[in-house]
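Reviewing the structure listed below.
Rule-based calculations on the coordinates, nothing more; no lab input. Not measured: the values here are computed from a predicted model. So basically every Cβ, Gly included, is an ideal-geometry build from the backbone, and we count neighbours across all protein chains shown.
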Amino acid sequence: MFDVALAEKADLAALEQDLAAFNGLLKQHPTLEKVLLNPAVPTSRKRETVAVLAARVGLHPVLTKLLILLAGRDRLVLLPELLETYRARLLEHQNVVRAEVTTAVPLAADRAQAIERSLARATGRTVALTTRVAPEIIGGLVARVGSTVFDASVTKQLEKMRQRLAVGS
């Protein structure tokens with residue numbers, strides 16, 4: 001879907017919002033979700049239902065075609081993964097990387113912005129930062145950028161000292 005939307009010069013962010021909205025619609029209406037995900041319901045009914053919903057909500061034609069295709073193949077169960085993958089592709093296309101910073105205490109907004117700028121310089125990309133509080137790290141921070149982890153927590157430093165002391169004795 002991403003590649004088709006890109007080729008058709010569609011609004012990629014609007015498509016992401018439409019996909020999220022449709023996914024949210026199913027989550028808000030559990031009965032509808034059960035019907036569309038139930039393998040006992042004929043796929044022709046699912047296609048019709050998805051087509052009607054897409055028209056009422058005003059989904060982008062590229063997304064509508066994909067949803068009807070998924071309904072026809074009884075694969076609407078893949079919507080959450082499709083949304084997650086689409087979002088990852090969109091961020092990659094926009095040269096944005098997700099980062100999560102974990103600290104022992106909540107970060108002040110200015111400190112979070114400074115960390116975001118520092119990670120942006122280190123990665124050469126725009127950073128979408130989320131923060132998390134985990135008192136068990138005692139102090140410092142743990143930054144996860146993509147699959148890379150920068151662990152500057154007090155807990156990690158104490159663990160390193162313990163290992164050095166164990167080796168030295």
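Can you tell me what share of the DSSP beta bridges in the chain is antiparallel? A percent to the nearest 5 is fine.
On the way: 11 of 19 bridges.
Roughly 60 percent of the beta bridges in the chain run antiparallel, per DSSP.
Take the Cβ-Cβ distance between A13 and E136 as r, set R0 to 30 Å, and report the resulting FRET efficiency rounded to the nearest 0.05. Intermediate values should be presented prior to the final figure.
On the way: r = 37 Å, r/R0 = 1.23.
Efficiency, from the Cβ-Cβ distance: 0.20.
Assigning unit charges at the beta carbon (Lys, Arg +1; Asp, Glu -1) and nothing else, what dipole magnitude in debye, to the nearest 20, does the chain show about its Cα centre? Spell out each step's value before the answer.
Working: 23 positive and 17 negative charges, 50 e Å.
Its charge dipole is roughly 240 debye.
What helices does the chain hold that run 30 Å or longer along their axis, going by alpha-carbon atoms, with a Kyte-Doolittle average of -0.5 or more, using DSSP H for the helix calls? Please report the intermediate quantities before stating the final value.
Values: long enough: none.
Helix filter hits for the chain: none.
Can you give the net charge of the other residues whose Cβ lies under 15 Å from the Cβ of F22, counting K and R as +1 and D and E as -1? Intermediate values should be presented prior to the final figure.
On the way: positive: K27, K46, R47, R56, K65, R75, R87; negative: E16, D18, E33, E81, E84.
Taking every Cβ under 15 Å from that of F22, the sum is +2.
Counting only pairs 8 or more places apart or on different chains, how many lysine pairs in the chain have C-alpha atoms closer than 29 Å?
Values: K9/K46; K9/K65; K27/K46; K27/K65; K34/K46; K34/K65; K46/K65.
So the count of such lysine pairs works out to 7.
I'm spelling it out carefully: the read-out is semi-axes √(5λ) of the Cα gyration tensor in Å, the candidates are [x] 38, 20, 14; [y] 43, 20, 14; [z] 22, 21, 16, and one was derived from this structure. Which label?
Answer by label: [y].
Label points 7 Å out from Cα along the Cβ direction at R45 and V149: separation in nm?
So the label points at R45 and V149 sit 4.7 nm apart.
Which FRET efficiency value, to the nearest 0.05, is calculated for R111 and D3 with the Förster distance at 45 angstrom and r the Cβ-Cβ distance?
Numbers: r = 39 Å, r/R0 = 0.87.
Working from the Cβ atoms, E equals 0.70.
According to a simple spin-label model (label point 7 Å from Cα along Cα-to-Cβ), what is the distance in nm between D74 and L32?
2.3 nm
Around L129, with a cut-off of 9 angstrom between Cβ atoms, what is the net charge of the other residues, counting Lys and Arg +1 and Asp and Glu -1? Kindly include the intermediate steps, with their values, before the conclusion.
Values: positive: R98; negative: E100, E116.
Computed value for this residue: -1.
Obtain the nm distance between the two label points defined at A122 and L91 by a simple spin-label model: each point lies 7 Å from its Cα along the Cα-to-C-beta direction.
A separation of 1.6 nm, rounded to one decimal place.
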